[in-house]
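Below is one structure; the comments refer to it alone.
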Ligand code: HDD
Ligand code: HEM
Ligand code: HEM
């Protein structure tokens, strides 16, 4: 690749942060879904694994979303204004979900009178279902290319997102988050029967992801033609689709043969490819059909300063995240049998 | 309800809610770290218990701070898209740096809260120090954005577009140092004295309890020092306001007419119709001296500004009086506690002092809410002082009263739950005999 314009670097950084939010923050929401669906003789044990797995890390995982927002309004202010105006309603509802999920989860961990546990459980779980759907709706609605992008254009509060395509993307997002969580959770416990519980959930949600991907694609042909054209027209569109499919198969095979490390690595690549495929398909638009990456960018000196800030910040950020995950996630890299104290 | 009013109320409510958790996120980590450092130095178990207790409270409060802060980041666009479209590139640097501060804080908070016993005590203490520093840094950075709204700089206005943007100059705007200093001290003063109030109340019921004695000592030290410094930093802030935002200063002081030897008004109710501030205790030339160090200095009155450029003077003046009154009481109580500590060479525990500490504990939070009202309402009708009016910034989305209603209910419910959880924490706080057993088993 030849030298990228500063605005392209910032756009890539936004995509990178969004990917990390989906891979980590998304999985925290997915874990909430499995908390809600905990069933059978091991329901309590399942909930314990979930709460253990996300307790120390959810707040850090959540910050990726804030990074996305900050980069968007600094680097592409017109896109931010258009998105927050047109999608006011689903974004507001999504925020209510984020507030309820985050606070209820923490309250549950710290409620001294354990009596209330069940109540917190439900409050933690329902927003975990609704919030990902709303996030997907927002992304889907942007892809349709129907957002009003100029101040003088009237905005409609509901008709841009209450249509089949954004709703399908919403369900797709929910399925992806649940799939990620289920796969990660297979490695969070040493108990083979709990592992099998999460394996079954992974397989079911993995197949659901596949079906919904197809539904989204069919709907996109009529509702998000710009994106579909982007995906179909270029040569890499085919490559990305084949690679996504391959990794999907590797993930399912890894689950089937209980090679959970393989499954986890493959699912992360699979989901990354889905996101990057969508982003590449939408390129060069940030909010189609009017706002392109280069056309809606803040002045280059701002973008350059932003890049320097990101680079400097990363020097602190990534070692810190590594340290956090080393303390709390190292057990998921060792075979279950030689884990101490479990 | 007009859309503009609903948007302003929702913004004010969200910020007023977030700031409580934000200041706790700034000051509580410092107190935890001090307690933990004492534990490492003295080996007295009571300090370890204290650090863990405070950390439990911090975990609840931080989560609410994080989610309410996330709401704010979106609300800037949901409610004020034109404002963000204009200023995003200018102030984004501050927010981006703040993003990294949040990250550091959230990461090390996870390590601190869940890492007891998993990492070495020194590493654990270091994690606490990182939280304390990054919490203060996030406060300073976000306040720099607010001070930019008060004293915009770092760009050149070309029609209604900003050109020659210099985000670094925007970050270091003229009001930044004063606001950031005053806000950071406010966090330590308010949270320190609030915690001191809680532990004073509990100590009164259980006089020999070493847990509450140590907690009171640390909280008083943090809150007291900051409370004594706070009026001086407030004076500094007021001088910056006098220089940069004369309409705000006139509203704070209820100064309707330009005047030399302007008096300092204590209390009083401004009456915009008659253009006078009634019932105030007036100190002759006080305002001229405080704002300009010169009794003969001229203080601009609201009459210099066309009516459409004047802030709502009643609200601003009353809020300012409330803040200053709280500040004076907090300083007095802190000095009293310091004298008592010096006299008894230990943690002061006279009944009267404990009662007063418990009663005045919440004043810092009151002062913070009042101070923000001064800053924000005093800037009206501008969202960016002299650059963009609040009316021109508000979103075109209609029906905002509904979102105002939803968020109000949401925050009320959250507030009630947080208070109940904290109450449960206080009730289960370790009793004297329990602490005695613990420290006995240690030695
Ligand atoms: C513990 C809280 C607290 C206390 C005791 C005080 N303040 Fe304050 N004040 C704040 C907490 C605060 C604040 C909430 O933190 C503000 C809002 C914006 C800011 O930067 O700080 C503020 C703003 C603020 C401003 C407006 C700054 C601006 O708009 O740019 C002035 C002039 C003062 N204060 C002055 C004072 C004085 C003279 C005090 C004397 C006792 C005082 N404050 C006590
Ligand atoms: C003067 C006002 C403010 C101060 C002093 C302040 C300070 C802080 C502090 C110290 C924290 C971390 C502690 C905690 O989580 O409790 C925090 C969290 C947060 N604040 Fe604020 N804040 C202020 C206003 C704002 C505004 C206006 C915004 C948005 C535009 C904002 C966005 C956030 C976000 C997104 C978080 C969550 C970070 C996380 O996930 O950990 N804050 N704030
Ligand atoms: C956390 C402490 C803060 C509190 C309690 C607070 C309080 C308020 C209040 C009362 C208003 C309504 C004023 C009116 O319309 O009459 C307001 C408006 C506003 N504040 Fe703040 N504020 C705080 C910090 C900040 C910070 C740090 C920022 C910058 C990012 C900010 C940005 C805004 C904006 C954009 C508005 C709406 C436009 C306006 O009314 O000027 N505030 N705030």
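Ranked by Cβ crowding within 10 angstrom, fewest neighbours first, how are A:106, A:309 ordered?
Numbers: A:106 25, A:309 19.
In increasing order of surrounding Cβ atoms, one gets A:309, A:106.
Counting only other chains, and only Cβ atoms inside 10 Å, what mean value do you get across the residues of B:311-322? Please list the in-between numbers first.
Details: counts 0, 0, 0, 0, 0, 0, 0, 0, 0, 0, 0, 0.
That average works out to 0.
Could you list the square roots of 5 times each eigenvalue of the Cα gyration tensor of region B:297-403, that is, the equivalent ellipsoid semi-axes, sorted largest first and rounded to whole Å? Kindly include the intermediate steps, with their values, before the conclusion.
Working: eigenvalues 341, 73, 19 Å².
Equivalent ellipsoid semi-axes, largest first: 41, 19, 10 Å.
Please pull out the direction-averaged projected area of region B:75-129, using the convex hull of its alpha-carbon atoms, in nm² to one decimal place. Could you put the intermediate results ahead of the total?
Values: hull surface 19.1 nm².
The directionally averaged projection comes out at 4.8 nm².
Which angle from 0 to 90°, rounded to the nearest 10, does the C-alpha axis of helix B:81-114 make with the longest principal axis of chain B?
So the helix axis and the longest Cα principal axis differ by about 0 degrees.
Counting other beta carbons within 10 Å of each Cβ, put A:199, B:118 in order, fewest first.
Values: A:199 20, B:118 12.
Sorted ascending by nearby Cβ count, the order is B:118, A:199.
In deg cm²/dmol and to the nearest 500, what is the mean residue ellipticity at 222 nm of chain A if only DSSP H runs of at least 4 residues count, each as -39500 (n - 2.57), divided by the residue total? Working shown, then result.
Numbers: 13 runs with 254 residues, N = 342.
Result for chain A, helices only: -25500 deg cm²/dmol.
Please build a GNM for chain A, connecting alpha carbons under 10 Å apart, and tell me which residue among A:38, A:263, A:224 fluctuates the most.
A:38
Using only the Cα atoms of region B:136-188, what are the Rg and Dmax in Å?
Taking only Cα atoms of region B:136-188, I get Rg and Dmax of 12.3, 43 Å.
Going 7 Å from the Cα of residue A:311 toward and past its Cβ, which residues in region A:1-43 have a backbone nitrogen under 16 Å from where you end up?
Only A:3-13 fall inside the zone, counting backbone N under 16 Å.
If you count, for every residue in B:107-119, the Cβ atoms of partner chains within 10 Å of its Cβ, what is the mean? Let's see the in-between values first.
Details: counts 15, 4, 4, 11, 8, 1, 5, 8, 4, 0, 0, 3, 2.
Whole-number average of other-chain Cβ neighbours for B:107-119 is 5.
List, largest first, the extents of the alpha carbons of chain B along their principal axes, each in whole Å.
If we take the Cα atoms of chain B, the spans are 72, 47, 38 Å.
Can you give the mean number of other chain Cβ atoms that lie within 10 Å of the Cβ atoms in peptide A:306-319? Let's see the in-between values first.
Details: counts 5, 0, 1, 7, 3, 0, 2, 7, 1, 1, 7, 5, 0, 1.
Counting other chains' Cβ atoms within 10 Å and averaging over A:306-319 gives 3.
Efficiency by 1/(1 + (r/R0)^6): what FRET value for residue B:419 and residue B:261, r their Cβ-Cβ distance, R0 = 35 Å, to the nearest 0.05? Show your work: numbers first, answer last.
Working: r = 48 Å, r/R0 = 1.37.
Between residue B:419 and residue B:261 the formula returns 0.15.
Computed FRET efficiency, Cβ-Cβ of residue A:242 and residue B:160, R0 56 Å: what is it to the nearest 0.05? Display every interim value, and only then the final one.
Values: r = 49 Å, r/R0 = 0.88.
Working from the Cβ atoms, E equals 0.70.
On C-alpha positions alone, give me the angle between the axis of helix B:432-442 and the longest principal axis of chain B, in degrees, nearest 10.
Helix B:432-442 sits roughly 60 degrees off the main axis of chain B.
Using every Cα-Cα pair within the protein assembly as shown, state what percent have a distance larger than 36 Å. Don't skip to the answer; put the middle values down first.
Values: 146895 of 307720 pairs.
Result for the distance tail: 48 percent.
If I fit a long axis through the Cα atoms of helix B:210-244 and take the longest principal axis of the Cα atoms of chain B, what angle between them do I get, 0 to 90°, rounded to 10?
For helix B:210-244, the angle is close to 10 degrees.
Zone of residue B:392 (label point 7 Å along Cα→Cβ, backbone N under 18 Å): which residues in region B:63-93?
B:80-91, by backbone N distance to the label point.
Could you list A:235, B:68, B:396 in order of exposure, starting from the residue whose Cβ has the fewest other Cβ atoms within 10 Å? Display every interim value, and only then the final one.
Details: A:235 6, B:68 26, B:396 15.
Sorted ascending by nearby Cβ count, the order is A:235, B:396, B:68.
Kindly state, to the nearest 0.05, the FRET efficiency for residue A:261 paired with residue A:204, given R0 = 25 Å and r defined as their beta-carbon distance. Walk me through the numbers on the way to the answer.
Details: r = 21 Å, r/R0 = 0.83.
My answer for the efficiency is 0.75.
In vacuo Debye scattering of region B:189-397, one point per C-alpha: log10 I(q)/I(0) at q = 0.10, 0.11, 0.14, 0.16 Å⁻¹?
Values returned for q = 0.10, 0.11, 0.14, 0.16 Å⁻¹ are -0.53, -0.61, -0.84, -0.97.
For region A:6-330, what is the Kirkwood hydrodynamic radius in Å, using each pair of distinct C-alpha atoms? Mind showing how you got there, number by number?
Details: mean 1/r = 0.0488 Å⁻¹.
About 20.5 Å, per the Kirkwood formula over Cα pairs.
Return the Rg/Rh ratio of region B:1-93 with Cα-based radii and a Kirkwood Rh. All intermediate terms of the calculation are to be shown ahead of the outcome.
Details: Rg = 18.9 Å, Rh = 15.6 Å.
Over the Cα atoms of region B:1-93, Rg/Rh equals 1.21.
Rule-based calculations on the coordinates, nothing more; no lab input. Note that this is a predicted model, so its numbers are computed, not measured. We place every Cβ from the backbone using ideal geometry, glycine too, and count neighbours over all the protein chains shown.
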